[in-house]
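Values quoted throughout were computed directly from the atomic coordinates according to the rules given, and no laboratory measurement underlies them. Everything numeric in this text was worked out from a predicted model, so none of it was measured. Heads up, the Cβs are rebuilt from the backbone with ideal geometry, glycines too, and the neighbour counts pull from every protein chain shown.
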Amino acid sequence: MAWSQEIRRVHQKMREALSLTRASLATGTPGEAATRELLLYCHGFCTALDGHHQGEDRTLFPAIAAAHPELRPVLRSLEQDHSMIAHLIGGLRAAVARAAPPEELDQHLEGIGAIMENHFRYEERQLLTVLETLELTAPLGEALGLFAE
C-alpha cells in the first residue's frame, strides 16, 4: 500500500463530504427535519475531518518525523493548520447547535473549506513523495481517520 494514494483518497472523500454538507444546506427546506438533516451532515463531516487530523497528528506525522527529521518544520506547520481547523469546526458546531441561519452556516463551511483545501494542497506538495516509500504498519483508520477504512 502506498500511503500517498491513501492520503489523496481520504482528502478527496473529505472534499466530497464538505460538498454534500454544503449542498444539504443549500437545498434544505426550513423546519425541524431540515435542521436534523443538517446536524447529521455537519456532525459527520466535522467528525471525519477532526478524526483525520487526529490520526495524522498521533500516528502518521510521528512516523514521518522519525524517518525524515528534516520535515519537522513542515509537520509543525500542518499541525498548526489542524489546530486552526479544529477551532473553525468548533465554531460551526456551535452555530449548528444554536440553529444559526443558513447563510451563517454556509459562511462557516466556506471558511473551513478554504483552509482545508489550502492545507490539503500544501500537505500533498510537501509529503506525497515521502509517503510513497513510508514504512508504517499502522491500520489506515488509525493513521488517516474514518474515511480511510
**Request:** Sum -39500 (n - 2.57) across every DSSP H segment of at least 4 residues in the chain, then divide by the residue count to get the 222 nm mean residue ellipticity, nearest 500.
**Result:** -27500 deg cm²/dmol
**Complete:** So, relative contact order of the chain in percent, Cα under 8 Å, 6 or more apart, is 45 percent
**Asked** Based on the alpha-carbon gyration tensor of the chain and its eigenvalue square roots a ≥ b ≥ c, which shape applies: rounded if a/c is under 1.5, prolate if not and a/b is larger than b/c, or oblate?
**Response** prolate
**Item:** Kirkwood hydrodynamic radius (C-alpha pairs) into Stokes-Einstein, the stretch 72-125, 4 °C and 1.567 mPa s, D in µm²/s
**Value:** 109 µm²/s
**Fill in**
In debye to the nearest 20, the charge dipole size for the chain, taken about the Cα centre with +1 at each Lys and Arg Cβ and -1 at each Asp and Glu Cβ, equals 60 debye
**Item:** Acute angle (nearest 10 degrees) that the helix 102-133 long axis makes with the longest principal axis of the chain, alpha-carbon atoms
**Value:** 10 degrees
